[in-house]
1. Among the residues of region 188-200, how many are out of contact with any Pro (no Cβ under 9 Å at 6 or more places or on another chain) and in a helix (DSSP H, G or I)?
2. So which residues in region 61-93 are among the hydrophobic types (A, V, I, L, M, F, W, C), more than 19 Å from L142 (Cα to Cα) and either in contact (Cβ under 8 Å) with a residue 40 or more places away in the chain or touching a helix residue (DSSP H, G or I) at 6+ places or on another chain (Cβ under 8 Å) (or both)?
3. Quick check on my filter: what residues within region 183-220 are under 21 Å from the mean Cα position of the chain (by Cα) and at pLDDT below 85?
4. Looking at V115, V105 in this structure, which one is surrounded by fewer than 16 Cβ atoms within 10 Å (Cβ to Cβ), touching a residue at least 24 places away in the same chain (Cβ under 8 Å) and closer than 19 Å to A48 by Cβ?
5. Of everything in region 32-46 that's crowded, with 23+ Cβ neighbours inside 10 Å and either of a type in the set (S, T, Y) or in a helix (DSSP H, G or I) (or both), which residue is modelled with the highest pLDDT?
6. For region 69-90, how many residues meet the condition of being buried (at least 21 other Cβ atoms within 10 Å of the Cβ) and closer than 20 Å to A123 by Cβ?
Amino acid sequence: MAVGETGRGLLELTRPVNVIAASVLTFIGAFVAGGIAGSSLQVAAAVAATGLAVGAGNAINDYFDREIDRINEPDRPIPRGAVSPRGALVFSGLLFALAVALAFVLPVAAIAIAVINLVALVAYTEYFKGLPGLGNALVAYLVGSTFLFGAAAVSDMAPAVVLFLLSAIATLTREIIKDVEDLEGDREEGLNTLPIAIGERPALYIAAGLLVVGAIASPLPYLLLEDFGIAYLLVVVPAVAVMCYATYESFTDPTAGQEHLKYGMFLAALAFIVGRAATVLPGGI
């Protein structure tokens, strides 16, 4: 096998888009906590550690899911032969080790979150992935905790708690829809995901209900946190609209629904940046 194909396969294992997204969320957590200017080293370490840990988690997920992916995702690196299972496992271990090394330059609270998350990343695929709702909830926590990790890196998690909750709700919605999309392969592998346990439509109704809760709660950063001005609302409203449409769309096309939901989540992340930046810039709103 060509070295170039193996290198491309290893990069694909990390899910670069997910790595970048999670790293950005960590940066936002630190930014919202107001610690960018005076804690650049800690913020950089936290962002890099997040990217490495997410890449490692995705790689080990593909290692454990290699048989399911032969059905659900045959073009992924392991099923198509670009990376061997052992190669994926070693690569994941290396990324985890680098993430841990970076985390140890951070405050104690950030180190604690990093340790918990590293254990959770490994435990997810091995123990929780096939449990109805629990695997989804664990992924939702992991995504939301990137805000907490970034804030903890600058020693002030309080401003990021609301962001953590909103992100976790949106992620839980998307994870349930993703399980509906992957129903065939998950059933073939013997997993007991939420759609398999209670049915596709009930699972989608739960996802929709969660998103409604998130939509109702989306103004909370503006209402509860002094660091978010009206600019936050101007961006988060269309983000919520996109996510609501995507959830509605998932009842007829789960694949398109979960993809469009991701776009809405990215737009919501932008709302946090815009909302915070608008209050610290001269003349901000």
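The values are calculated or read from the model by the stated rules, or taken from the named source; none is laboratory data. Source: prediction; values computed, not measured. When we count neighbours, we look across all protein chains shown, and the Cβ atoms used for this are built from the backbone with ideal geometry, even at glycine.
1. Residues meeting the conditions: 2.
2. If the condition is that a residue be among the hydrophobic types (A, V, I, L, M, F, W, C), more than 19 Å from L142 (Cα to Cα) and either in contact (Cβ under 8 Å) with a residue 40 or more places away in the chain or touching a helix residue (DSSP H, G or I) at 6+ places or on another chain (Cβ under 8 Å) (or both), then I68, I71, I78, A82, V83, A88, L89, F91 are the ones that fit.
3. Listed by number, the list holds a single entry, D186.
4. Numbers: V115 fails: touching a residue at least 24 places away in the same chain (Cβ under 8 Å).
Matching residue, one of V115, V105: V105.
5. A46
6. Summing the residues that are buried (at least 21 other Cβ atoms within 10 Å of the Cβ) and closer than 20 Å to A123 by Cβ in region 69-90 gives 2.
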